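To start, the structure under review is shown below, and the notes come after it.
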Amino acid sequence: MAWPNRGLAHRPAVTGRHGAIASAHPLASLAGLAMLQRGGNAIDAAVAVAAALNVVEPYMSGAGGVGYMVIKTANATSPIVLDYIGRAPAAATPDQFANDNAKDDGIRSPLVPGAAGGWLTAHARFGTLDRSAVFAPAIDLAENGFPVTIKNSQFMLNSRDRLRQWETSSRAYLHQGETPAPGEILIQSDLARTFRTLVEGGIDAFYRGPIGKEIARFSQAHGGLITEEDLASYEPTWQEPITTNYRGYDIFCPPLPCSGMQYLETLNLVEGFDMAELGQNSTQYIHLLAEAMKLAVADRTTYAPDPASPIAQLLSKSYAAERRALIDPDRAGYSGGERFTSHKLPQEILPGSMESIMRESTTHFVTADADGNAVACTQTLGGGFGSGVVHGSTGLSLNNFAHWFDLDPESPNVIAPNKKVEMCLSPSQIWRDGRLFCMVGTPGSFGIMQTTPQMMMNVLDHGFSIQAAIEAPRFRTGTGMELPIEGRVPAEVLDGLRQKGHEVNVLDNWTPFFGGGQGIMIDPDSGAFFAGADPRRDGYGLAF
């Protein structure tokens, strides 16, 4: 029987027999589709999408950032993970971040950039087209420019003043000091040259050659921490995923210190309730899911930063049963918030504000081909344009992922030399009976682990199409009793949540505060692809 594909959607789920792409920008999706159409595989397509997003969504991700890929190869019985999360520089000690905002923004905030290494490592192992082919769309978009979208312009405007502080950043992204308007052509000549150097010299050109030397030179000249040695010693790593089973479906995501354990635990917790019978986004449905999320958040902040944590026990069904008993079906519980602190402070940034959204500047995309290869990828610069600093002549804005470390010495996530940060990026794959069934993920910092299970459950519990699952209204727990929620949720549901003690904060009907989901579902009978993408951003699914 074909998948029911229920649910309301404003866009169609795009279908095809040969392959599918969904990413946060139509030109990036087109770059990936072009690889499939010329005979490349899903890994070729993923690298083409990633590089193109560096150009057309430069505030979200790029070669100066970090990320994970969850990769399925043809005939594989489970996926593998490619970790390209950069470490903290060797000089990164808490005292280096004593000045206001030094950890959050500017020249000292980057981790060692891992994305370029990740792209090239994935391509070298599994790609079939040559590097010049997979980077060609990105080079063309950077060298000849692309028309700025409405959302491009809005996101860039919010970072304009930060970009103005650095001549290199202003030159890369602004026109005479101003944000490009929708329809203007943005050309990134330095970035095009960097990509050409990557094509010619491969991974060594970035980490031990001219690109890395220029990054380190600029960093050291302006008080940064990254050195040539930091870059030369960096390598992406291949890993085994962690997994849980939810109602017969195997959910895979990267291992600790990835935060994906949070949504795996959330699914284990709600598996004890008949969520389908409650009805999608009913009062009780949202209440129980929110309470499960709060418990999973508490475990994630405690255990995820340490890869030695007892992950098998944390994801066991017996542990979920113990934790589930703490959920009051009638009253909202207290949440300590999404980050570790030894004492909780009042909320300083309003949920749903552009400032809060730009602190969570990440992208997610998925690719799949007819031969059975598939990639789920989440990558990021951190905040908008990451550090906000384009390093020298590279055209690359480096990440600001030091922000996601803590300075509190009691935190398991305290910053230290060469340390891996707890990583909120958490792409996933959903398998059934040994076959890939669905990939769906989102950007959104620590909100990733709350939006992702909502989209998964929309498919697995309610039979939604991948597009309807992505479009459905979302919510997110905050600190204490806070419950930000999209305005499309009916008033009677909101009133019911308030009666249970939730501090409901109604946001816009369609807000990127809750991420920008992208997904592909594979029909279990016909093998047809369904691609879905999020209208909260510039998301676009393509298939053929």
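The values are calculated or read from the model by the stated rules, or taken from the named source; none is laboratory data. Quantities reported herein were computed from a predicted structural model and do not represent experimental measurements. Here Cβ is always computed from backbone atoms with ideal geometry, including for glycine, and neighbour counts include all displayed protein chains. Accessible surface areas use protein heavy atoms only, side chains included; no ligands, DNA or RNA. Shrake-Rupley method; radii C 1.70, N 1.55, O 1.52, S 1.80 Å.
Membrane-span-like helices in the chain, defined here as complete DSSP H runs extending at least 15 Å along the helix axis by their C-alpha atoms with mean Kyte-Doolittle hydropathy no lower than -0.5, are 26-37, 42-56, 115-126, 131-144, 189-207, 210-221, 283-303, 448-460; this is a sequence and geometry rule, not a statement about a membrane. Each of Gly19, Ile466, Leu53 was scored by the projection of its Cα onto the charge dipole of the chain, and the greatest displacement toward the positive side belongs to Gly19; charges sit on the C-beta of Lys, Arg, Asp and Glu. Lysines near Lys103 by alpha-carbon distance under 24 Å, same-chain residues fewer than 8 away left out - which ones? Straight-distance partners of Lys103: Lys213, Lys344, Lys419, Lys420. The portion of the accessible surface of segment 436-544 made up by carbon and sulfur, rounded to a whole percent, is 50 (1.4 Å probe; DNA, RNA and ligands excluded). Ligands, DNA and RNA aside, Lys103 has an accessible area near 30 Å² when probed at 1.4 Å. The charge dipole of segment 1-139, taken about the Cα centre with unit charges on the Cβ atoms of Lys, Arg (+1) and Asp, Glu (-1), comes to about 580 debye, rounded to the nearest 20. The mean accessible area for residues of segment 127-229, using a 1.4 Å probe and ignoring ligands and nucleic acids, is 46 Å² per residue.
Local charge for Ala42 was computed over the other residues whose Cβ lies under 14 Å away, with Lys and Arg +1 and Asp and Glu -1, and equals 0.
Across segment 369-492, Cα-Cα distances exceeding 25 Å account for 44% of all pairs. Peptides 209-222, 459-472, ordered by how many other C-beta atoms sit within 10 Å of their residues on average, highest first, read 459-472, 209-222.
Straightening the chain between Arg38 and Arg208 buys 58.0 nm, computed as 0.36 nm per residue apart minus the Cα-Cα spacing. Here the Karplus curve 6.51 cos²θ - 1.76 cosθ + 1.60, taken at θ = phi - 60°, turns the phi angles of segment 82-94 into couplings of 10, 9, 10, 8, x, 7, 5, x, 4, 8, 7, 10, x Hz, with x standing for Gly and Pro. Only Lys, Arg, Asp and Glu carry charge here, each on its Cβ (+1 for the first two, -1 for the last two); on that basis the chain has a dipole of about 460 debye about its Cα centre.
Is the shape of segment 208-265 rounded, prolate or oblate, going by the alpha carbon gyration tensor and its root eigenvalues a ≥ b ≥ c, with a/c under 1.5 for rounded and a/b larger than b/c for prolate?
On the way: a/c = 5.19, a/b = 3.15, b/c = 1.65.
Here segment 208-265 falls in the prolate category.
Here the contact order of segment 166-254, divided by its residue count and restricted to Cα pairs under 8 Å and six or more residues apart, works out to 14 percent.
Taking all Cα pairs closer than 8 Å and separated by 6 or more residues, the relative contact order of the chain comes to 27 percent.
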